[in-house]
Amino acid sequence: MVNQKQIFLDGEADNWFTRNKKNIKKISVTKNRMVINVIKQLLNRQNSPKQFLEVGCANGEFLLILKKNIKDYKIFGLDPSQKAIKELKKKKVNCQVGTADNIPFKRNMFDIIFFNFCLYLCDQTDYDKIYRSADKALKKNGFIIIFDFFSKKIKKIIYKHDERLFSTKRDFRKIFLKHKRYECIHHDTFKYSKFYKVKGSKNKDLVSISVMKNKDF
C-alpha cells in the first residue's frame, strides 16, 4: 500500500509548493476572507489572545494575512514542504515540517486548529491519528476549522501530479464528529470554482468550510 504521507515528505510537498508558489497569494483571496470572517465570529466568544495553528500552511500567506487582521493572534504553521517552512521561518513565524497525523506542538496549546485544504491528500488510514493529534494539541472548548473538498459520498480520484497518489473527496467533519467530544457549529458548501479557476464548465466539485467545537467535559 502506498504511503501518501511519506511521498509528500520525500519531495511531493516541495513539488506542490514549487508549482503553486507564484499563485498562492492570489488564488485563494476569497477563501482567506471567508475563513477570517469565521475566525472573527469565533473570537466574539472570548476576547483573550489566541494561539492559532494552520495545518497545510505552505509559506504562510494566510497566517500573515490573519496576523494583520487580528493583532493579538499568536500564529503557528505546519507543512510537509521543507522549502515552504524554510521560507516561512525567514518571516519569523513559529513553524515546523510535519503532517496532520503528528502535530509536533505542546498538549492543549491551541485555541483554533485550521486544516487548510490538506486532508484530501492524507492517507485514509491516518484519520484516527489525525483526530488524536489535533485533539491532543487543542485546548478545551477549542475549535477545529476545515476547508477542503466536500462530497456526501466518498470519492477517490488519481492525483494528476503523481499517479501513485489519490485525492479523497468526502465529508471530513466525520473524522471528528464520530467522537462525542466534538460538535459541528458551522458548515457551508460552495462550488470549487468560487475559490479556484477551473477549465471548462464540467467541474462539479464542492468545497466546504466547517467548524467543530471541542466540548468541555
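The values are calculated or read from the model by the stated rules, or taken from the named source; none is laboratory data. These numbers were taken from a predicted model, which means no experiment stands behind them. FYI the Cβ positions are ideal-geometry reconstructions off the backbone, even for glycines, and counts take in every protein chain you see.
Look at K139 and say whether it is assigned to a helix (DSSP H, G or I) and either at negative phi or small (G, A, S) (or both).
Details: assigned to a helix (DSSP H, G or I): no; either at negative phi or small (G, A, S) (or both): yes.
Judged against the criteria, K139 is not a match.
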Within segment 57-79, can one find any residue that is buried (at least 24 other Cβ atoms within 10 Å of the Cβ), of a type in the set (D, E) and either modelled with pLDDT of 95 or more or in a loop (DSSP other than H, G, I, E, B) (or both)?
yes
Considering each of S151, S201, S193, S210 in turn, give the residue that is surrounded by fewer than 21 Cβ atoms within 10 Å (Cβ to Cβ), modelled with pLDDT of 90 or more and out of contact with any Gly (no Cβ under 8 Å at 6 or more places or on another chain).
S151
What is the residue count in segment 1-26 for residues that are surrounded by 15 or more Cβ atoms within 10 Å (Cβ to Cβ) and among the β-branched types (V, I, T)?
2
Given (1) modelled with pLDDT under 95; (2) outside any helix (DSSP H, G or I), Q96 misses just (1)
Looking across segment 87-96 at residues that are in contact with a strand residue (DSSP E or B) (Cβ under 9 Å, 6 or more places away or on another chain) and surrounded by fewer than 17 Cβ atoms within 10 Å (Cβ to Cβ), the single one that is farthest from F147 (Cα to Cα) is K89
